[in-house]
Protein chains: 6
Amino acid sequence: MRNVVVTDPPRADGGDAETLGGFGVATVHEALGRVGYLGPEFRPAWAGARIGGTAVTVLCWPGDNLMIHAAVEQCREGDFLVVTTTSPCRDGLFGELFATALRHRGVRGLVTGTGVRDVAELRALGFPVWSAAVSAQGTVKATAGAVNVPVVLGGQVVRPGDAVLADDDGVLCVRREDVRSGLEAARARLEKEAAAREAFANGQLGLDRYGLRAKLEALGVRYLTADEYAKEQA
Amino acid sequence: MRNVVVTDPPRADGGDAETLGGFGVATVHEALGRVGYLGPEFRPAWAGARIGGTAVTVLCWPGDNLMIHAAVEQCREGDFLVVTTTSPCRDGLFGELFATALRHRGVRGLVTGTGVRDVAELRALGFPVWSAAVSAQGTVKATAGAVNVPVVLGGQVVRPGDAVLADDDGVLCVRREDVRSGLEAARARLEKEAAAREAFANGQLGLDRYGLRAKLEALGVRYLTADEYAKEQA
Amino acid sequence: MRNVVVTDPPRADGGDAETLGGFGVATVHEALGRVGYLGPEFRPAWAGARIGGTAVTVLCWPGDNLMIHAAVEQCREGDFLVVTTTSPCRDGLFGELFATALRHRGVRGLVTGTGVRDVAELRALGFPVWSAAVSAQGTVKATAGAVNVPVVLGGQVVRPGDAVLADDDGVLCVRREDVRSGLEAARARLEKEAAAREAFANGQLGLDRYGLRAKLEALGVRYLTADEYAKEQA
Amino acid sequence: MRNVVVTDPPRADGGDAETLGGFGVATVHEALGRVGYLGPEFRPAWAGARIGGTAVTVLCWPGDNLMIHAAVEQCREGDFLVVTTTSPCRDGLFGELFATALRHRGVRGLVTGTGVRDVAELRALGFPVWSAAVSAQGTVKATAGAVNVPVVLGGQVVRPGDAVLADDDGVLCVRREDVRSGLEAARARLEKEAAAREAFANGQLGLDRYGLRAKLEALGVRYLTADEYAKEQA
Amino acid sequence: MRNVVVTDPPRADGGDAETLGGFGVATVHEALGRVGYLGPEFRPAWAGARIGGTAVTVLCWPGDNLMIHAAVEQCREGDFLVVTTTSPCRDGLFGELFATALRHRGVRGLVTGTGVRDVAELRALGFPVWSAAVSAQGTVKATAGAVNVPVVLGGQVVRPGDAVLADDDGVLCVRREDVRSGLEAARARLEKEAAAREAFANGQLGLDRYGLRAKLEALGVRYLTADEYAKEQA
Amino acid sequence: MRNVVVTDPPRADGGDAETLGGFGVATVHEALGRVGYLGPEFRPAWAGARIGGTAVTVLCWPGDNLMIHAAVEQCREGDFLVVTTTSPCRDGLFGELFATALRHRGVRGLVTGTGVRDVAELRALGFPVWSAAVSAQGTVKATAGAVNVPVVLGGQVVRPGDAVLADDDGVLCVRREDVRSGLEAARARLEKEAAAREAFANGQLGLDRYGLRAKLEALGVRYLTADEYAKEQA
């Protein structure tokens, strides 16, 4: 691992990241071809936030939050702090004091593969965090790492400057290069979903809306009564 | 796996299922001899619902929600959709659009061994779901499965038409054949619990109420002071 | 395992335990040198409680809550019930009826390595519990265990009479011998955190506050522009 | 749970079960339409066995092996003992002494959702076991359960008398009703695999053998050079 | 955590520990009342060793093996090195070079809650290790810990000087104070097991040997034919 | 996800990858600065192989091995097949028939985040595989994916043409750009390890060899007798 702090990496437009975040993680994930989702392990410390920002990435040693301190200085308005460790760690590398410092700099939220602490205080502050655990376990500041290098979280590469979106469904990374086109795709998807919602509310079936009856038939799915099925099973 | 959709299976009475659900999962589980509980992995996407309905079962391929579309058509007033996959899968096979379609048909809720998404929207809709995960990960519609065949969820067999109950304690399956007698047993249990609650609130001990002092003695449990214990440990 | 109930063990002062609990788990954990935290597996059944009490410990057989009945009798005002099993078990060994009995005796809360049930009722009662799972799975009363012997929960030894603190960040055990000095250390830590909070809110960096720039340099961390980094990676 | 011992349930033919077992779990699983596999959690205590037998099923309370004693008496030549618990348990419910008793009765092996112990001795005996864990943790004989009722293991229903097959790939349950037809299907599959093996050894591609090039094209998979791909990613 | 190295703690007799180890983990665990077993997570890096020694304990920071170096100096003939971390860590804190140094000092083996590496080399050396993982992930030497203080591994307290036994069934800690009496109890247990083994090999049933028929009856277990059971289930 | 097969990506030199593999995963991991290790989840299906090759990468849909067929055609002498899925999946996507085809093409081994099957046959063939599970669960060929695009496995990015090394300690990815310099670094590390091995075998301590006594002192580690420690704890 190169022990570096990369300063001022190119970022996606902060306003675009925010707009994209407002569309919701599930919608954007679908709109962009189902890539970049960090998986179900990352849960919000408190429910109800829906945000988007630009990634500042941090790579820490397990049990050590030294590099988060280095990262804070690299953050600016509209950023989203993204923390991971060189090997799995659930300790509480992040809490209220960091949130206070980040809020001062206009950072919108945090996602970490580790634990977070001060959950009651973070909720009171309204500072949104997504993490793999809640843990009061404290850390040291003894070993170097990196800031603003590409990291892997939840099986996804997050590069500094990429857009990171998060809500109650989890966290999504959108490549910096895909944000602009993603806005358009997400808007189209929202319209498509709105139309489907109305149709379903009025009783249309997905089988009909998406033409799935032919698919089921092609796959050999048969319709049987309960009696017919029981006979086949005997 | 037989790729079938079984139509109109016999169901437990919907009103009975609802009444049973209202008694609460833990109480009915005790009343019925501690069988049918799907285990602690199934958590509500939002807290506070307490429902009961009749199972419509779905067996999907991992990463594929095609058969849920087929299942929606089989649902009717008072049903409870029960989804599993042929091998473990945490993807978000179910979300708001499905919930909208199910609500139109009078379906009371969903339980799935996979993930669900659109959690904020489901909460806003008031559509209750229990799942093993929250995940925005989208799915395809490419591989056949089955609807209304017996499935296994959380180590329990759920057959179409069985009663499924759920609340903040998790999900319980009651065999169709046992619903009627279960109502009676659950009512008796409720009364027993009410009496115990009052006694405990007034200071009675379970040791006395359940005659456990003799049991402890029979098992050889000894009462020691802290000093006596320290001496034995040395 | 010795099958014993130890009566009236020496306890930390109940008022001290309560005061310490009010300082919050993360703060006290730091103040006392980062020991005694039970880890991220122990989660509150409902959010928002922050308490401290004196441990009454219970060791049960898996799937069996007999010894909790024996333990209730040993509880008194200001206690915190601590339950574990001889091998891992997620069943619902504890629920509303026990909570009712404990509340009558002035017990402040419960932590268990097993599951708990009646979550909606516990929330309504305002009786706080921390557990490794929520489970409606019922238990038997067939096998002996122990009350008020040292137990291990979350990798930490909890002895009867130790102080147990809990909030949304999890559960912390403070040795009886360390409670008095812990009060002082926690108060000092609170002041230190308040000062840091104000400084961070005003834009100071941890790098400067904690003198970490020299540390980073000593560890060989280099600052690079994005271009310089890209060149090194090629 | 009904606390019963069901005596002498109808069994699949023991010779058929043995023959089927000899074909290997993966092959039979494919031949029978990919159903009945207990999943990757069940591992052999020692490598190299490949067997098949008829299920005698046991349902125990966690931490309790009483019902295995009742089950031994129900076992006869060609059986395969299948053990599970009412809730998850990794304790060592089974060891060398049971294996000695089972071997005397002609039982071919054991699968359990719990742990097993005496692994070195089982290997020396040549008695094959598949389990979810190895654990020396001992158990009590205090709580009732059932023998020869349908149980669920690894998400699969195993009924008494079903065929159970196991090798280094894990454990498969074949319904009693499907054993005879399964023999034929498995033989056909073996031939198909042998032909494929020879073709692949000689350089044929699955793409050609299974006609998958058209499938890839229909799914829109494009072939690009590394340069073309890099350009698209930019 | 106190950062200390405790020198020359009192130890159980090394010969006794070795003898006890030779009896096997499962047997001694039973003989001593089923306490002290570290659970199924601790697996041998290679199969077939069966040893016993006296604990030298090490508490490391996650991702850091500094204190193992301090511990080596504290080891002497007949010791068993016991390593854990302040929070969970699967990194490879231990490998061949440490094993070489320990072997020179007459250390019999190692157990760690972390990972180990150089598995092929450890097998070739014949140096037995039990661990929660195999991992090549390297570590730093940056943060203090402790040597020869009581530690918790697998839910069990291990104090310096206690006897630690290990074989293919896992790892057992026997309190220093219980080793001498344990020898006697284990010998008695071995004789009991030998007698049972012979009886079972000759066809006796545990039901009869342990008087369990009365137990089953007292617990209300009923014997039914398959037909009777089917009728009850309908 | 772009559904593409990238043909003939630039590869590290096959001979270099093989040489590097022969040095062992743990040694190369240390030599290259402790990066690229896939973690302890990836275990060999059989013990004793130690190899290195050039990555051909495959991204499959869960429960679907279509793209492995496409990947086989892209493989050539000296390659190492690297398989992952878009979301976690333990099914048996790979077995003996694929191994036969790969061996014909000179492929050295496979690593997959899924399961593998035909373990006995793979061992007999001597074809080495590393996987997150062993599973007989079969798959379909219904959904598109990608070949020779960068993938993430065990938290590490693997790009086509990178060197992949594997032995009993797990799997390591070395960036194509770092292979040549890695050879040199690994040779230097081997020499350093050989010297340390000899010193340790002759009784030198790591404390002295690595100058750690000063470190311990700087960190405030104190040496106490057991009596002194007991007194401090009281």
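The values are calculated or read from the model by the stated rules, or taken from the named source; none is laboratory data. As the structure is a prediction and not an experimental result, all values here were calculated from the model. Cβ placement follows ideal geometry from the backbone for every residue including glycine, while neighbour counts extend to all protein chains displayed. The protein model used for the area step is the full one, side chains on, heavy atoms only, and it has no ligands, DNA or RNA in it. Shrake-Rupley method; radii C 1.70, N 1.55, O 1.52, S 1.80 Å.
Pick from F:A45, F:A31, F:A49, F:A71: which is in contact (Cβ under 8 Å) with a residue 24 or more places away in the chain, farther than 26 Å from F:G138 by Cβ and among the hydrophobic types (A, V, I, L, M, F, W, C)? Quick ask: steps written out before the conclusion?
Numbers: F:A45 fails: farther than 26 Å from F:G138 by Cβ; F:A49 fails: farther than 26 Å from F:G138 by Cβ; F:A71 fails: farther than 26 Å from F:G138 by Cβ.
So the residue among F:A45, F:A31, F:A49, F:A71 that is in contact (Cβ under 8 Å) with a residue 24 or more places away in the chain, farther than 26 Å from F:G138 by Cβ and among the hydrophobic types (A, V, I, L, M, F, W, C) is F:A31.
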(request) Just one of (1) surrounded by 13 or more Cβ atoms within 10 Å (Cβ to Cβ); (2) facing chain C (nearest Cβ under 7 Å); (3) not in a helix (DSSP H, G or I) trips up B:G220, so point out which. (result) (1)
(request) Could you give me the residue pairs with C-beta distances under 6 Å whose first residue belongs to region A:158-173 and is modelled with pLDDT of 95 or more, whose second residue is among the acidic types (D, E) wherever it lies, and which are 6+ apart or on separate chains? (result) A:C173/A:D162
(message) Condition check: at pLDDT 95 or above and within 14 Å of the chain's Cα centre (by Cα). Does F:F94 satisfy that?
(response) no
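Take the conditions crowded, with 21+ Cβ neighbours inside 10 Å and away from chain B (no Cβ under 14 Å) and apply them to A:V6. Does it pass?
On the way: crowded, with 21+ Cβ neighbours inside 10 Å: yes; away from chain B (no Cβ under 14 Å): yes.
Answer is yes for this residue.
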(message) With the structure loaded, tell me whether D:A144 is crowded, with 24+ Cβ neighbours inside 10 Å and either closer than 23 Å to D:E77 by Cβ or of a type outside the set (S, T, N, Q) (or both) or whether it fails that test.
(response) yes
(message) For region B:183-230, which positions are under 25 Å from C:R11 (Cβ atoms) and among the acidic types (D, E)?
(response) B:D208, B:D227, B:E228
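Could you grab me the full set of residues in region E:52-106 that are hydroxyl-bearing (S, T, Y) and touching a strand residue (DSSP E or B) at 6+ places or on another chain (Cβ under 8 Å)?
E:T54, E:T57, E:T84, E:T85, E:T86, listed by residue number.
Do we have C:V171 as under 30 Å from the mean Cα position of the chain (by Cα), of a type outside the set (S, T, Y) and within 13 Å of chain A (Cβ to nearest Cβ) here?
Numbers: under 30 Å from the mean Cα position of the chain (by Cα): yes; of a type outside the set (S, T, Y): yes; within 13 Å of chain A (Cβ to nearest Cβ): yes.
Yes; evaluated as a whole, the condition is true for this residue.
Residue-wise test of (1) facing chain F (nearest Cβ under 10 Å); (2) surrounded by 23 or more Cβ atoms within 10 Å (Cβ to Cβ).
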position	(1), (2)
E:E77	no, no
E:L81	no, yes
E:C89	no, yes
E:G95	yes, yes
E:G106	no, no
E:L110	no, yes
E:A120	yes, no
E:A124	no, no
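Restricting attention to region D:153-168, report how many residues are within 24 Å of D:W46 (Cβ to Cβ) and within 12 Å of chain F (Cβ to nearest Cβ). If you could, list the steps in order and put the result at the bottom.
To start, the set of residues in region D:153-168 that are within 24 Å of D:W46 (Cβ to Cβ) comprises D:153-154, D:156, D:158, D:163-168.
Adding the requirement that they be within 12 Å of chain F (Cβ to nearest Cβ) leaves D:154, D:156, D:165-168.
Residues in region D:153-168 being within 24 Å of D:W46 (Cβ to Cβ) and within 12 Å of chain F (Cβ to nearest Cβ): 6 in total.
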(message) Condition first: over 21 Å from C:Y229 (Cα atoms) and basic (K, R). Now tell me which residues in region A:133-164 satisfy that.
(response) A:K141
(request) Please work out which one of (1) farther than 28 Å from E:H69 by Cβ; (2) within 7 Å of another protein chain (Cβ to nearest Cβ); (3) touching a helix residue (DSSP H, G or I) at 6+ places or on another chain (Cβ under 7 Å) is the condition E:P40 fails and give its number. (result) (3)
(request) From (1) surrounded by fewer than 18 Cβ atoms within 10 Å (Cβ to Cβ); (2) at the interface with chain D (Cβ under 10 Å from one of its Cβ atoms); (3) of a type outside the set (G, A, S), pick out the condition that doesn't hold for E:D13. (result) (2)
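For region A:205-214, how many residues are open to solvent by 60 Å² or more (accessible area, probe 1.4 Å) and either over 33 Å from the mean Cα position of the chain (by Cα) or more than 8 Å from chain B (Cβ to nearest Cβ) (or both)? Quick ask: steps written out before the conclusion?
Residues of region A:205-214 open to solvent by 60 Å² or more (accessible area, probe 1.4 Å): A:208-210, A:213-214.
Pick out the ones that are also either over 33 Å from the mean Cα position of the chain (by Cα) or more than 8 Å from chain B (Cβ to nearest Cβ) (or both) and you get A:208-209, A:213-214.
Summing the residues that are open to solvent by 60 Å² or more (accessible area, probe 1.4 Å) and either over 33 Å from the mean Cα position of the chain (by Cα) or more than 8 Å from chain B (Cβ to nearest Cβ) (or both) in region A:205-214 gives 4.
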(request) Please state which of the following conditions A:T19 fails to meet, knowing it meets all the rest: (1) open to solvent by 30 Å² or more (accessible area, probe 1.4 Å); (2) at the interface with chain B (Cβ under 10 Å from one of its Cβ atoms); (3) in a helix (DSSP H, G or I). (result) (2)
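If you scan region E:176-217, which residues turn out to be aliphatic (A, V, I, L, M) and more than 22 Å from D:L93 (Cα to Cα)?
Restricting attention to region E:176-217, the residues satisfying the condition of being aliphatic (A, V, I, L, M) are E:179, E:183, E:185-186, E:188, E:190, E:194-196, E:199, E:201, E:205, E:207, E:212, E:214, E:216.
Selection gives E:V179, E:L183.
With D:V157, D:V164, D:V152 as the choices, which residue is in a strand (DSSP E or B), under 16 Å from D:V25 (Cα atoms) and either open to solvent by 20 Å² or more (accessible area, probe 1.4 Å) or out of contact with any helix residue (DSSP H, G or I) (no Cβ under 6 Å at 6 or more places or on another chain) (or both)? Steps first, please.
Working: D:V157 fails: under 16 Å from D:V25 (Cα atoms); D:V152 fails: under 16 Å from D:V25 (Cα atoms).
None of the other options fit; the residue is D:V164.
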(request) For region E:135-175, name all the residues that are under 20 Å from E:S87 (Cβ atoms) and aliphatic (A, V, I, L, M). (result) E:V140, E:A142, E:A144, E:A146, E:V147, E:V149, E:V151, E:V152, E:L153, E:V157, E:V158
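What residue, of E:A142, E:A230, E:A196, is in a helix (DSSP H, G or I), within 8 Å of another protein chain (Cβ to nearest Cβ) and of a type in the set (A, V, I, L, M)?
On the way: E:A142 fails: in a helix (DSSP H, G or I); E:A230 fails: within 8 Å of another protein chain (Cβ to nearest Cβ).
Going through E:A142, E:A230, E:A196 in turn, just one is in a helix (DSSP H, G or I), within 8 Å of another protein chain (Cβ to nearest Cβ) and of a type in the set (A, V, I, L, M): E:A196.
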(message) Only one of B:A12, B:A31, B:A26, B:A49 is in contact with an Asp or Glu (Cβ under 9 Å, 6 or more places away or on another chain) and farther than 23 Å from B:E193 by Cα. Can you tell me which?
(response) B:A12
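Identify all residues within region F:183-196 that are without any contact (Cβ under 8 Å) to a residue 60 or more places away in the chain and either within 21 Å of the chain's Cα centre (by Cα) or open to solvent by less than 80 Å² (accessible area, probe 1.4 Å) (or both); write none if there are none. Full working, then the answer.
Taking region F:183-196 as the starting set, the residues that turn out to be without any contact (Cβ under 8 Å) to a residue 60 or more places away in the chain are F:184, F:191-192, F:194-196.
Hits for region F:183-196 are F:E184, F:A194, F:A195, F:A196.
For E:R180, indicate whether it is within 9 Å of chain F (Cβ to nearest Cβ), over 22 Å from D:V134 (Cα atoms) and open to solvent by 10 Å² or more (accessible area, probe 1.4 Å).
Numbers: within 9 Å of chain F (Cβ to nearest Cβ): no; over 22 Å from D:V134 (Cα atoms): yes; open to solvent by 10 Å² or more (accessible area, probe 1.4 Å): yes.
It is false that E:R180 is within 9 Å of chain F (Cβ to nearest Cβ), over 22 Å from D:V134 (Cα atoms) and open to solvent by 10 Å² or more (accessible area, probe 1.4 Å).
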(request) Could you list all residues from region C:41-68 that are in contact with a Gly (Cβ under 8 Å, 6 or more places away or on another chain), outside any loop (DSSP other than H, G, I, E, B) and open to solvent by 10 Å² or more (accessible area, probe 1.4 Å)? (result) C:R43, C:I51, C:L59
(request) Please state which one of A:E193, A:E217, A:E232 is more than 21 Å from B:R76 (Cβ to Cβ), at pLDDT below 95 and out of contact with any His (no Cβ under 9 Å at 6 or more places or on another chain). (result) A:E232
